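All of the numbers you see were taken from the coordinates with simple rules; none came from a lab. Here the structure is a predicted model, which is why all the values come from computation and not from measurement. Glycine gets a Cβ as well: all are built from the backbone with ideal geometry, and neighbour counts include every protein chain shown.
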Amino acid sequence: MEAACGGINDMNTQDVIAMFNEYVIGNYGRLPRVITRGQGNRLRDLDGNEILDMFPGWAVSGIGHCHPKVVEAIRKQAGELLHMDNTFYNIPQGQLAKLLSERAFGGKCFFCNSGAEANEAALKLARRHTAKEKYKFITAERGFHGRTFAAVTATAQPKYHDGFLPMLPGFVYVPYNDIDAMHEAFTEEVAAVLIEPIQGEGGIHEATPEYMQTIRDLCDEHGALMILDEVQTGLGRTGRWFGYQHYEVTPDIITLAKALGGGAAIGAMMARPNIAASLVPGTHASTFGGNPLACAAGIAVIEAIEEGGLLEHAVTMGDYTRNKLEALKEKHPVIDHIRGKGLMLGVQLTMPGAAIVSRCLGKGLRVNCTQDSVLRFMPSMVVTTDEIDQAISILDEVLGEGETL
Ligand SMILES: Cc1ncc(COP(=O)(O)O)c(C=O)c1O
């Protein structure tokens, strides 16, 4: 039987790309593959090629594609209650909030559908909770916080502002990890500081312990809030549930998305209870936020991480991958150095990485390149040594092509 949109089962890759060209807005630079299946760390495309995925879903598929526990939870929940608005209570939303809270500073959750929305919620909460004269936000250069207007304004990278000026007022940008600049930027008008514990899109740069402590101290001194964007570091890939848990500081608010739903769209903002109390009815909302389907997926993700010992596995596999990458560096001078924590690794190249990414894909390996010359290795937390070996061997082969790159 022909599908409603016309023979999709007979489509080939070119047909699908042509359909996109005609009907889908071209705001993404897409690779010319049509992905039809994902399982664990493997993708399958429409032409039957298998791809080893070292950057699954831009860090969304943190426990691999279609994790059986997540698929099962979604199936079960879909048969019971797909969506329920926040006029009522639903059980999965409460349960997911409890699981998150127990793993992070006893916070209270607001649920939404993406990382940008989680950051929007955090910024709004900071404005509402702090004194009236406080309207400024300090964010860090090279950071990334999403594409909605406040989130993209918080994203201190001019390329993302191009064509959208003027941005929202009140944002102050400082160099990441620069303690003096943070001191200088702090005034009584600052409502919050928003940074990533490890900058992801910015090229895998970790905050130093001194920097985190300085932010905590300045926020406390000036009655401002410390917000950590854990959209990429969140939920285990660094070897702890949250990136801040590698430091001695506790933030006031964290934001989550990506890996939280294991593939289902969900975002969350978690705040200390006394701060969360400022979001009273009518102050903020999301129609889909906290829907039972996404929350059931989130619960399954947390259970799968715990049952599979995946926090420990992320550390072991992170060390393994890093050692392999360090060995590659000895062989290929184009690798300058390796950065990162656990399964959030960046390979700093001495040249642009786009050609490497596309040649790797040609040989069945997906990696990502950010900031022009940083290869991002962010495999899922269920990755195996065999899969890492295979990825490294493909990268080795591609880097060996040297001058033609
Ligand atoms: C650290 C960080 N924050 C926020 C976002 C935005 O998330 P979303 O695309 O779900 O809005 C991203 C996306 O890459 C991110 O890496």
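Grab the beta carbon distance between Lys331 and Val280, set R0 = 41 Å, and tell me the FRET efficiency rounded to 0.05.
0.10
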Scan around Phe171 for amide H atoms under 5 Å from its own, H built in the peptide plane at 1.01 Å from N, and keep only partners 5 or more places away or cross-chain. Phe137
Under 1.5 on a/c is rounded, so check that first for the range 68-307, then, if it is not, pick prolate when a/b is larger than b/c and oblate when it is not; a ≥ b ≥ c are the square roots of the alpha carbon gyration tensor eigenvalues. prolate
FRET efficiency estimate (nearest 0.05) - Cβ-Cβ, Phe149 to Glu188, R0 35 angstrom: 0.90
Contour minus Cα-Cα span, Glu303 to Thr384, at 0.36 nm per residue, comes to 27.2 nm
Non-local amide H neighbours of Leu365 (under 5 Å, H modeled in plane, Pro and chain starts lacking H): which ones? Leu52
To the nearest 0.05, what FRET efficiency results for Arg75 and Thr287 with a Förster distance of 25 Å applied to their C-beta separation? 0.60
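Can you list the chymotrypsin sites (Phe, Trp or Tyr not before Pro) in the range 229-283 that are in a DSSP coil and have 13 or fewer other beta carbons within 10 angstrom?
Counting only loop positions with at most 13 other Cβ atoms within 10 Å, none of the chymotrypsin sites (Phe, Trp or Tyr not before Pro) in the range 229-283 qualifies.
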In the chain the DSSP beta bridges are antiparallel at a rate, in percent to nearest 5, of 65 percent
Calculated from DSSP helices alone, with each H run of at least 4 adding -39500 (n - 2.57) and the total divided by the residues of the chain, [θ]222 nm to the nearest 500 comes to -11500 deg cm²/dmol
Please check: in the Gaussian network model of the chain (C-alpha springs, under 10 Å), which one of Ala391, Ala294, Ala131 has the largest mean-square fluctuation. Ala131
Going by amide H atoms built from the backbone, whose H comes under 5 Å of the H on Ala268, apart from near neighbours? Cys112, Leu256, Ala257
Can you give me the Cα centroid spacing of the range 345-405 and the range 198-217 in angstrom? 25 Å
Quick one: of the DSSP bridges fully inside the range 68-307, what percent are antiparallel, nearest 5? 40 percent
Stretched fully, the stretch from Thr87 through Asp217 gains (0.36 nm per residue minus C-alpha distance, one decimal, in nm) 42.9 nm
Where both residues lie in the range 184-296, what percent of DSSP beta bridges are antiparallel, nearest 5? 45 percent
Scalar couplings 3J(HN,Hα) for the range 156-167 by Karplus 6.51 cos²θ - 1.76 cosθ + 1.60 (θ = phi - 60°), nearest whole Hz, x for Gly and Pro, are 7, 9, x, 4, 7, 9, 4, x, 10, 5, x, 7
Max mean-square fluctuation residue, GNM over the chain, Cα-Cα springs under 10 Å, options Glu102, Glu221, Glu22: Glu22
With label points built 7 Å along Cα→Cβ from the Cα atoms of Ser393 and Glu210, find their separation and express it in nm. 4.5 nm
Set the bar at 24 Å for Cα to Cα. Now go through Lys159/Lys331; Lys108/Lys258; Lys258/Lys324 and name every pair that lies beyond it. Lys159/Lys331; Lys258/Lys324
³J(HN,Hα) across the range 61-73 via Karplus (A = 6.51, B = -1.76, C = 1.60, θ = phi - 60°), whole Hz, x for Gly/Pro? 8, x, 10, x, 6, 6, 4, x, 5, 6, 4, 5, 5
Under the Karplus relation 6.51 cos²θ - 1.76 cosθ + 1.60, θ = phi - 60°, what is the ordered set of whole-Hz ³J(HN,Hα) values for the range 280-296, x standing for Gly and Pro? 8, x, x, 8, 7, 6, 8, 4, 7, x, x, 5, x, 5, 5, 5, 4
Among rounded, prolate and oblate, which fits the chain when a ≥ b ≥ c are the square roots of the eigenvalues of its C-alpha gyration tensor, a/c under 1.5 means rounded, and a/b larger than b/c means prolate? oblate
Need the list of lysines near Lys134 for cross-linking: C-alpha distance under 20 angstrom, and skip anything on the same chain fewer than eight residues off. Lys124
Across Phe186, Phe110, Phe149, the residue with the highest GNM fluctuation in the chain (Cα network, 10 Å cutoff) is Phe149
Students often forget the sequence filter, so: which lysines lie under 27 Å Cα-Cα from Lys329 once same-chain residues fewer than 8 apart are removed? Lys341, Lys363
Could you order the peptides 33-39, 123-129 from most to least packed, using the average number of other C-beta atoms within 10 Å per residue? 123-129, 33-39
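Starting from the Cα-Cα distance between Leu168 and Gln95, subtract it from 0.36 nm times their residue separation and give me the gain in nm to one decimal.
22.7 nm
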